[in-house]
Structures are given as structure tokens and as C-alpha cells.
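Some notes on the structure that comes next.
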Ligand SMILES: C[S@@+](CC[C@H](N)C(=O)[O-])C[C@H]1O[C@@H](n2cnc3c(N)ncnc32)[C@H](O)[C@@H]1O
């Protein structure tokens, strides 16, 4: 999986879902262990490489190096006993094409890393992720906040759940061993297999990062309203809209991903009309009182859950996404009924995909009136709200609680009599 990301440019999610992929033949506990090792290795790749660099004059070929990287993660992060971690690395190196000649090296390096133990790990500095991201974060948020965000990306994220309205947080928190967050989400530090948790089968909750649960709240009262979820899959926000009593139309470009929305709705006993279409060519023939545009983006706000992203996304990928976001926002505005609210959001840390998109839209639509989060909205800290009324959420917020995904969300109201 690591070589799939680094050498072949495939996401972990794509490799995980692939029926012919590296995890296909593994039993669930082995899959979980493999995924844990792949994500851990990528989260700490700078440090792992710095540590390994001390043992080589000339780097071994990439497949061997990837195997040694995973071995270091196995020793230092997974806490696998040294003989087991080193033996399996040696076996796997030997099985690589032309790997036999590197088996002795793997064994020697493994033993020395194991001897160095935690002291060696702690003495090795964490490196930055590949180039552009660290630079962009420092440029946007300043050196200190940029470094805090990168630190947050290296921590293993907790699992957050959104409870269906009407489910009592106290008893569920007790049943799941969860913390109730100030915004109402439940947080589990060590969740294990999600589908085995209490309440999964009955649809009492769904998995959704605490930050991702906030944009829908900006839409205000939803009961009985016609709501459009323009980029709906896999459906976390569709579920929120439906559970709040809205009459939901959920649209997404991807039929594959839309199947997940339907599954999630069924599991939670909720309903929505689902449409598979490109929002740029779609014609609803009616207007909606609430519209959510959770636009496709760089997903830089979710790096702590997807540590492969910094190795795959390039700065040049951003241009087409920015154009798509602007197009979706402009279309969605046309479909909003007078007096209705639209929320634009992206799980991005780059203001180009958040604050700047909103500013450009407002310059072209002076009639759009910003609606900041209601004062005293539960758990929303005043410092998360920017001068324009948008919500800027960052992974380094709530450090003592385990952080949150990065997000930008802003709400706009259309005048009751269209300007
Ligand atoms: C950030 S994800 C949405 C996450 C979702 N709202 C949730 O809360 O689970 C963006 C979605 O936009 C969809 N998408 C991308 N381009 C689109 C287009 N032109 N029209 C409609 N959907 C699009 C993608 O398939 C993807 O599922």
C-alpha cells in the first residue's frame, strides 16, 4: 500500500476498496493492522526516513526502502515485539524481486533500530510533509500555526459520531465509552470496528468528524423545508438534513459513492430523493429553501485521516477544483428560493477554496447576505468565526481533545424579494 501511494500515485482509500488490491485477501483484523501500518508510516514518513538515513551510505531500491519504512513503523508505532517486526520485514524483503541480496541489510538495520528503541525514535526530528503544503500553511496561517497544523496531522485522529436527533447523548456516551464534545458530537479515542459498535445496526448515529457536523447547523431551522444537498456522497450531511426533518434532494456525480448515501439513509431509517448527475448540467425545475454546497476540494482538512494526500496532491491540481467550486456555487445560488439559506463549505485548509471563493462570489452577488453562526451556537468558539461571518475550523483546534478536521463553511441568505 505504501508503494502504491509513493510509487504509483494511488490513494489508500482506492487501494483499500479495490477487490484486487493489496488488502483483498486479508481477514478484518489483518486489514485493520495493514491499514494502521500504512497510515502510521505515511504520517511519520519524514521521521522514519531521517532515522533510516543514519544506517545507509547509499539508499536501497524503493521497494526495499518501503519495506524498511513499514518495519520502523511496526517497531516504533505499532509496538510489535522486535523479533516479530524484524523477522517479517526480512521475509518480505527477501520475497521482493531481487530482494534476497537485501535480506541481511534488513536484518541488521532492524536489529539496530530495535536496539535504539524509543530513545532513538524520540531523538529523531519529525520532518515536514512534501514541499508545497508546509509552505502554503505557513504562508496562510503563520509559522507557529502552520507547524501546529502539521503536528495535528501526525496524531492518530479519534472517531466522531453524530447522534440522530432525539437520541440521548448521555446514555450513548456511556454505552460507547465516548466523550460528549462541546458541539454535541460523540468522540471515541479507540473505536475498534465501527460496525460492531452499539447503535450501528439501529442507525442511532453515523460517523462524521465533529467539524464536518457544523456546516449543516448554519442552515438554521430545517423541519419541513425543501433542501438540496448538491455534493452529497458519502452522505454525512444528507443524513443530518434528513434527520432534521428537511425534505432532501441529494445529488452527486458518482453513482458508486451515491450507493453509500442510500445505504446510510436506509441504516438510519431516513429518506431522501437521490439524483446521480453532474450538478453543472442538472436542471431541478424548482427552487429550494436550503441549499448545501459541500464542494469537491483538495481535502487538505482531512490529512490526519488521509495521510497519503500530501504525497499525491500537487499545487497544480488546485486550478480545476477552484473553477468547479465557483461554478457549483453560482448554479446553486440560482436554485435557492428567495429568503432561503445557502451554505458553502469545503474540507480544505486553503483559503483559496474557502474564504476567497466566498469573497469572489459576494463581489459578484452583492445581494447575498452573510449569516454568521448564531451567537451562543453550542460549542462554536467565537474565535472560529472570521470577520466576514465564515467559520474557519483547523486541525490544531481543540488540541487537548484530539483536534478536528479542517473546514471552511459560510452561510448566505437570499433576500426575500430577489434583488
Ligand atoms: C466533499 S465530497 C462531499 C461529502 C458529503 N457532503 C458528506 O458530507 O458526506 C464532494 C462530492 O462532490 C461530488 N462531485 C464532484 N464533482 C461534482 C459535480 N460536478 N456535480 C455533482 N457532484 C460532484 C463528488 O463525487 C464527492 O462525492
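Determine, yes or no, whether residue 219 is surrounded by 24 or more Cβ atoms within 10 Å (Cβ to Cβ) and either farther than 16 Å from residue 164 by Cα or modelled with pLDDT under 95 (or both). Yes, satisfied.
For segment 319-333, check the following and say yes or no: at least one residue is away from the ligand (no atom under 12 Å from the Cβ), in contact (Cβ under 8 Å) with a residue 60 or more places away in the chain and assigned to a loop (DSSP other than H, G, I, E, B). Within segment 319-333 (the criterion being away from the ligand (no atom under 12 Å from the Cβ), in contact (Cβ under 8 Å) with a residue 60 or more places away in the chain and assigned to a loop (DSSP other than H, G, I, E, B)), the answer is no, since none of the residues qualifies.
Here is a yes/no grid of residues against (1) closer than 20 Å to residue 328 by Cβ; (2) more than 19 Å from the chain's Cα centre (by Cα):
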| site | (1), (2) |
| --- | --- |
| 168 | no, yes |
| 193 | no, no |
| 197 | no, yes |
| 206 | no, no |
| 222 | no, yes |
| 228 | yes, yes |
| 237 | yes, no |
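For residue 299, the stated conditions do not hold, so it cannot be described as surrounded by fewer than 19 Cβ atoms within 10 Å (Cβ to Cβ) and within 19 Å of residue 358 (Cβ to Cβ). Residues in segment 146-163 that are part of a helix (DSSP H, G or I) and either in contact (Cβ under 8 Å) with a residue 40 or more places away in the chain or more than 30 Å from residue 191 (Cα to Cα) (or both): 148, 149, 151, 152, 153, 154.
A single entry from 313, 304, 257 fulfils the requirement of being under 30 Å from residue 7 (Cα atoms), in contact with a helix residue (DSSP H, G or I) (Cβ under 7 Å, 6 or more places away or on another chain) and touching a residue at least 12 places away in the same chain (Cβ under 8 Å): 304. Against the condition farther than 17 Å from residue 347 by Cα and in a helix (DSSP H, G or I), how does residue 175 come out, does it pass? The answer is yes for residue 175.
Quick check on segment 187-199. Is at least one of its residues part of a strand (DSSP E or B) and either within 10 Å of the ligand (Cβ to nearest atom) or surrounded by 23 or more Cβ atoms within 10 Å (Cβ to Cβ) (or both)? So far as segment 187-199 goes, no, none of its residues is part of a strand (DSSP E or B) and either within 10 Å of the ligand (Cβ to nearest atom) or surrounded by 23 or more Cβ atoms within 10 Å (Cβ to Cβ) (or both).
Taking segment 250-271 as the range and being more than 12 Å from the ligand (Cβ to nearest atom) and in contact with a strand residue (DSSP E or B) (Cβ under 7 Å, 6 or more places away or on another chain) as the test, the residues that pass are 262, 268. May I ask you to list the residues in segment 335-362 that are more than 15 Å from the ligand (Cβ to nearest atom) and free of Cβ contacts under 8 Å to residues at least 60 places away in the same chain? If the condition is that a residue be more than 15 Å from the ligand (Cβ to nearest atom) and free of Cβ contacts under 8 Å to residues at least 60 places away in the same chain, then 352, 355, 356, 358, 359, 360, 361, 362 are the ones that fit. Do we find a residue being modelled with pLDDT of 95 or more, closer than 25 Å to residue 275 by Cα, buried (at least 21 other Cβ atoms within 10 Å of the Cβ) and within 16 Å of the ligand (Cβ to nearest atom) anywhere in segment 152-163? Checked segment 152-163: at least one residue is modelled with pLDDT of 95 or more, closer than 25 Å to residue 275 by Cα, buried (at least 21 other Cβ atoms within 10 Å of the Cβ) and within 16 Å of the ligand (Cβ to nearest atom). Restricting attention to segment 283-300, the residues that are near the ligand (Cβ under 10 Å from one of its atoms) and in a helix (DSSP H, G or I) total 0. Of 256, 311, 344, all but one fail to be under 30 Å from residue 151 (Cα atoms) and surrounded by fewer than 19 Cβ atoms within 10 Å (Cβ to Cβ); the exception is 311.
Restricting attention to segment 100-145, and to residues there that are outside any helix (DSSP H, G or I) and within 25 Å of the chain's Cα centre (by Cα), which single residue is surrounded by the most Cβ atoms within 10 Å (Cβ to Cβ)? Selected residue: 129. Selection of segment 235-259 for residues being part of a loop (DSSP other than H, G, I, E, B) and within 17 Å of residue 407 (Cα to Cα) yields only 235.
The values are calculated or read from the model by the stated rules, or taken from the named source; none is laboratory data. These figures come from a predicted structure and were not determined experimentally. FYI the Cβ positions are ideal-geometry reconstructions off the backbone, even for glycines, and counts take in every protein chain you see.
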